[in-house]
1. With everything on Cα atoms, drop me the angle between helix 13-29 and the longest principal axis of the chain, reported from 0 to 90° to the nearest 10.
2. With θ taken as phi - 60° and the coefficients 6.51, -1.76 and 1.60, list the Karplus ³J(HN,Hα) couplings across segment 101-115 in order, rounded to whole Hz; mark glycine and proline as x.
3. In what order, largest first, do E89, E15 sit by accessible area if the probe radius is 1.4 Å?
4. Using the per-residue mean of other Cβ atoms lying within 10 Å as a proxy for protection, in what order, highest first, do the peptides 101-109, 139-147 fall?
5. What is the distance in Å between the Cα centroid of segment 30-92 and that of segment 109-134?
6. Give the ranking of H50, H28 by solvent-accessible surface, highest area first, calculated with a 1.4 Å probe.
7. How far is helix 178-217 tilted, in degrees, relative to the longest principal axis of the Cα atoms in the chain, given as a value from 0 to 90 rounded to the nearest 10?
8. Straight distance only, please: which lysines reach the Cα of K104 with their own Cα at less than 16 Å, same-chain residues fewer than 8 apart left out?
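The values are calculated or read from the model by the stated rules, or taken from the named source; none is laboratory data. Computed from a prediction, not measured in an experiment: that's the story for all the values here. Positions of Cβ are generated from backbone atoms using ideal geometry, with glycine treated the same way; all protein chains shown enter the neighbour counts. Ligands, DNA and RNA are excluded from the accessible area calculation, which covers all protein heavy atoms including side chains. Shrake-Rupley method; radii C 1.70, N 1.55, O 1.52, S 1.80 Å.
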Amino acid sequence: MSPSEALAGEEDPMEAVVGGVIERLRAHAEAPDASLSCNDLLALVGPRSHLVAILLFALLNLLPAPPGYNFVMALIIIALCVSLLFKREMQLKGYFGRMQLPVKIVLKLMDVLGKLAGWAARISSPRWRGLTGNAIMPVLAIFGVVLGLFMLPPIPATNTLPSLGLAVICVGVLNHDGLVVLLGGLVGLAGIIICGFAVWVVVALSFAIGDVVDGEAEPSLPGGSPVQS
């Protein structure tokens with residue numbers, strides 16, 4: 001079931017969508033020597049289920065991983081948001097599509113997401129529809145691209161709030177809850193501010209260290225005075 005179908009015919013659309021993905025993923029994982037590439041996951045989600053896919057990859061980006069993993073996840077998130085913006089079917093090219101995901105970890109993540117969907121259904125309700133309708137989707141897609149860009153800097157933990165904010169936005173849209181969308185936007189905005197400040201600190205420290213190194217390397221006369229050119 002696609003998100004649009006669920007939104008049209010289910011009281012708790014996120015539960016319906018996530019439940020369907022979990023069933024398909026479990027069936028996929030039962031195959032001998034099951035593997036799961038990024039494109040495999042997108043196929044299980046559905047080529048036009050952009051919000052669910054963005055939600056999944058935003059959650060995957062929160063997992064502890066080796067250097068470079070978060071950078072790749074951020075690029076994938078940007079690509080998915082661009083697909084949402086231009087209403088294209090999701091298909092990752094080259095390495096990004098072939099990138100292998102740990103099946104067991106993704107299954108556990110989906111179980112967590114299923115519990116989250118149930119929890120969200122109990123506390124969330126359709127409201128502030130102006131923040132969840134089709135008219136606002138291009139704005140949310142562009143905001144998702146911006147959040148993805150701020151996930152790219154290789155600074156520890158700076159990708160957390162942008163990823164979390166984007167995930168919350170997707171939950172809000174899936175449940176037609178504009179208040180949750182607004183909350184996710186605020187979390188994402190806080191992440192942008194923190195990441196921007198962290199990048200500024202790193203750049204400022206780099207220049208400061210460079211000045212210190214240049215000062216120490218400057219030749220001087222025996223009396224301690226610097227050599228004049």
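1. 80 degrees
2. 10, x, 4, 5, 5, 5, 4, 4, 4, 5, 4, 4, 5, x, 5
3. On the way: E89 110, E15 75 Å².
Ranked list, largest accessible area first: E89, E15.
4. Working: 101-109: 15.1, 139-147: 20.1.
Highest to lowest by the protection proxy: 139-147, 101-109.
5. Result: 19 Å between the Cα centres.
6. Details: H50 15, H28 55 Å².
So, going from the largest accessible area down, we get H28, H50.
7. Roughly 20 degrees between the two axes.
8. List returned: none.
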